[in-house]
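Rule-based calculations on the coordinates, nothing more; no lab input. Treat the numbers as computed from the prediction; the structure is a model and nothing was measured. Glycine gets a Cβ as well: all are built from the backbone with ideal geometry, and neighbour counts include every protein chain shown.
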Amino acid sequence: MSISKTDTTGAQTVAPATIASVRGLKVHFRSKAGRVHAVDGVDFDVRDGETLGLVGETGCGKSVTGRAFLRLLPVPPGILAGGSVMFRPQTSCGGCGGEGCAQCGGSGRRPTPCPTCRGQGCPDCQGTGAETLDLLKVSDKQMRGIRGDRIAMIFQDPGKALNPTLTIGEQLGEVFLQHRSVDLLEEAGIDSGESGFQAGALRRLAGQRDRRTDRMAAALWPPLRRRAQSVRQALDNRIAAALGETQIPNPRNIMRSYPHELSGGMRQRVMIAQALACDPDLIIADEPTTALDVTVQARILDLIGQLQAKRGSSVIYISHDLSVVRRICDRVAVMYAGRVVEIGETDQIFNDPRHPYTKGLLAAVPTTRTPRGKLAAIPGSVPELVDPKPSCRFADRCAQVHAACTASDPILSAVNPGHDVACFLEHPTSPKTEAAE
Amino acid sequence: MANTNIEGAPIRRRQDSALRVRLRRGGELLGLILSNPTTVFGLILIFGMLGMALFAPWLTQANTPDPYQMPRDWGALRMPPGTPGHPLGTTNTGGDVLYGVIWGSRTSLQLSIVVVGVTVVIGTAIGSIAGMVGGKVDEILMRIVDVFLSIPELIFALAIAAILGPSFTNIILSLCLVFWVKYARIMRAQIILVKQNDYVDAARVIGDSRLNIYFRDILPNAATPLVVQATLDMGAIVLIGATLSFIGLSESGIAEWGVLVSEGQAGIASGRWWASTFPGLMIFLWALAFNLLGDGLRDALDPRTESRR
């Protein structure tokens, strides 16, 4: 696996190749039967600007892994049992003001310099000189600052991910109020240096920290009312622009409708608008098209692709739909029973699968040439993840199982540059993982 | 920022439109409620009784100094309905039944609004804390609720009111102490249910604070069953309040339907039916009206109703 200890020397100009790296992530769930090892030592990197597909059967831990980035796990019964999710937030490139130049490699954004060493490279930032945060350890307040601003998420079912009691505009506005209140005030022509009740009230209104008195004053006191309205107008413009970007026709009208008045595709566009509102560095798309029609699906995928390319964001695309993953992902990580069993470039995974599970998964995809009534399937089912034994997780279902597979656990190691597999067939002498604690 | 949208067309001011959106939604809901004839009947009854309470001083000459005390006409005891000056007759002690019925609607309204208001607020607060915080806090709060729920409402309220001494204020107090548990239970269950929705996660994903999520995403979506229950209880509380008054836990001579029924019951055997019947009828109508409205609200607010889904 290409761990990016790259360019310690030229840290100030070169963007590190990875924006996030997951190491040894373990998420367990307490249950009556014992500890469920839902995610049990997941390793992968997300490169800057790429789309990484996370594929696997239901229950293999792909969604839990995705949610770990935002610390969206129900903490009891879930337990973060170990590992780290390192994330390097980016800021807009100072050299070109977000236009894209040689310094930032055309993406318009650069890593935030590490606050401890100011970009020189230190243990805190693993020598990259970029601010590196362990998302599992940052404070709740810091996490709230990251959520929606640096990392966003697109949910599976847009019908359930929108609050039925708020209009689209109200829900979308929240992102800006949370993360862009300074910009809103600026757009509304309010001086950041201004002090006094009016400015304070406006600041609170624009940051969603308004008190009853602020709201009353904004409703009754004409000068404040006028200015509060210009803030609201700035907010409205932003919402409409965000919606417009997802090719929603007539965003000003859509803003004022409730979720139940929109179609599934429209709702997913709203979700995408919300996710992309603050130009996040990383977008976690948790099966964003499963709840949609196939025709709408293609358009939504194109839309995500376009917007991602425009902004240079990275995407983690969680899916069980291999054809979609093949179409849109740069790299693919195949997960099985809480582990990444194979990771590589999309071509490598689809044309040269090495892990028996990946091979089985690919064979199970029906094509137009599959004879009627004959669908390939992998025998057996996903193992119980309660207190697993130190053996290859796929051993029970694997056709090529041998002695080593049941004795110990294979780890990911390279078969080709950029292509890692965790299987003893590829690495007869593969280094073994330390036995599970 | 110019006041134009992307296409360059001028935009309307948002406040007006936001209001219009609210009105549209309110109108939709109202249409749904009004499409059910029994609900409309309930509403008519409620408005009738509210009107009676509101216009009480114009409908009858208010008693001085305290209008909530029954006026006594010592020259006209036990008069049947139709007596000049006393269209619904008088009680054993010369109280005008019509006066009691009209001013009793004020007492009942006061009783149900205060009790429902206080208990809904307490119940929502406690249920929300239990549901939002969870864990040990939830456990402790819910065990307290269990203790309260293990005693039948009426008997519990009766005991408290008896300890506090006979007065109408004490009836209100005892009902407040008893009724909040039901709302706490409903609210907790709702919050736990609503919390699992994706849109709560979605709100967390955009970096919202817990308080903001609670007020914007959870509470509005959790409130429906509470609203329905509160409406039903508006009627039930008057019923229980009247029971307590009937037993004699409120001060005598007050213009309250339960007290009037109690005062008149001795005369029923000797044919003086009117002193108990008219206030009793009012209690019945009051409870019926709020039950009809509550049922209608339940249907209209049900998310499975097709026009809203």
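Annotations for the structure displayed:
- For peptide B:24-30, the mean count of partner chain Cβ atoms within 10 Å of a residue's Cβ comes to 1.
- FRET efficiency for A:Ala414 and A:Ser139, using Cβ-Cβ distance with R0 set to 45 Å, rounded to 0.05: 0.80
- Averaging the sequence gap over all C-alpha pairs within less than 8 Å and six or more residues apart, then dividing by the number of residues, gives the range B:55-292 a relative contact order of 24 percent.
- Look at the dipole of the protein assembly as shown built from charges on Cβ: of A:Gly83, A:Pro111, B:Trp286, the Cα furthest out on the positive end belongs to B:Trp286.
- Taking amide H as placed 1.01 Å from N in the peptide plane, B:Asp73 has its amide H under 5 Å from the amide H of B:Gly95, B:Asp96, each at least 5 places away in sequence or on another chain.
- Dipole magnitude for the range B:55-292: about 160 debye, using +1 per Lys or Arg Cβ and -1 per Asp or Glu Cβ, origin at the Cα centre.
- Kirkwood Rh in Å, taken over chain A so that all alpha-carbon pairs contribute: 23.6 Å
- For chain B, complete DSSP H runs whose alpha carbons reach 30 Å or more along their own long axis and whose mean Kyte-Doolittle score is -1.0 or higher are B:97-133, B:168-195, B:224-247, B:274-301.
- Rg over Rh [alpha-carbon atoms, Kirkwood Rh] for the protein assembly as shown: 1.10
- For the segment A:164-177, counting C-beta atoms of other chains within 10 Å of every residue's C-beta and taking the mean gives 4.
- Protection-proxy order for peptides B:41-51, B:229-239, each taking the mean of Cβ atoms within 10 Å per residue, highest first: B:229-239, B:41-51
- Dipole moment magnitude, nearest 20 debye, the protein assembly as shown about Cα centre, only Lys, Arg, Asp, Glu C-beta charged: 540 debye
- Beyond 20 Å in Cα-Cα separation lie the following of the pairs A:Lys160/B:Lys136; A:Lys160/A:Lys310; A:Lys26/A:Lys141; A:Lys26/A:Lys137; A:Lys26/A:Lys62: A:Lys160/B:Lys136; A:Lys160/A:Lys310; A:Lys26/A:Lys141.
- A simple rule links phi to the HN-Hα coupling: the Karplus curve 6.51 cos²θ - 1.76 cosθ + 1.60 with θ = phi - 60°, which for the range B:58-67 gives 8, 6, 9, 5, 5, 6, 10, x, 10, x Hz, with x for Gly and Pro.
- Chain A: calculated mean residue ellipticity at 222 nm from DSSP helix runs of at least 4, using -39500 (n - 2.57): -9000 deg cm²/dmol
- Assigned charges on the beta-carbon of Lys, Arg, Asp, Glu; chain A dipole about Cα centre (debye): 1040 debye
- Relative to the longest principal axis of the Cα atoms of chain A, helix A:197-206 runs at roughly 30 degrees.
- D_trans [Stokes-Einstein, Kirkwood Rh over alpha-carbon pairs] for chain B, 37 °C, 0.692 mPa s, µm² s⁻¹: 148 µm²/s
- Legend: calculated FRET efficiency, B:Ser252 to B:Ile44, from the Cβ-Cβ distance at R0 = 45 Å, rounded to 0.05, equals 0.85.
- Residues whose placed amide H lies under 5 Å from that of A:Ile154, excluding near-sequence neighbours: A:Ile284, A:Ala285, A:Asp286
- Dipole of the range B:55-292 [Lys/Arg +1, Asp/Glu -1 at C-beta], most positive-end residue of B:Trp257, B:Ile213, B:Val178: B:Ile213
- Take each residue in B:207-214, count the other chain C-beta atoms within 10 Å of its C-beta, and the mean is 5.
- For the range A:251-372, the Kirkwood estimate of hydrodynamic radius, built from reciprocal distances between every pair of different alpha carbons, is 16.3 Å.
- Expressed per residue, the C-alpha convex hull volume of the range A:168-257 stands at 93 Å³.
- Annotation: amide H of A:Ser413 within the under-5 Å range of A:Val421, A:Ala422, A:Cys423, sequence separation 5 or more or interchain, hydrogens built in the peptide plane.
- Here the 3J(HN,Hα) profile of the range B:80-90, calculated from phi with Karplus coefficients 6.51, -1.76 and 1.60 at θ = phi - 60°, is x, x, x, 5, x, x, 9, x, 10, x, 10 Hz, Gly and Pro shown as x.
- Rounded to 10°, Cα long-axis angle of helix A:168-179 versus longest principal axis of chain A: 90 degrees
- Selected from A:Leu307, A:Ala188, A:Val55, residue furthest toward positive end of dipole (chain A; charges at beta carbon): A:Ala188
- Kirkwood hydrodynamic radius (C-alpha pairs) into Stokes-Einstein, the range B:209-309, 4 °C and 1.567 mPa s, D in µm²/s: 80 µm²/s
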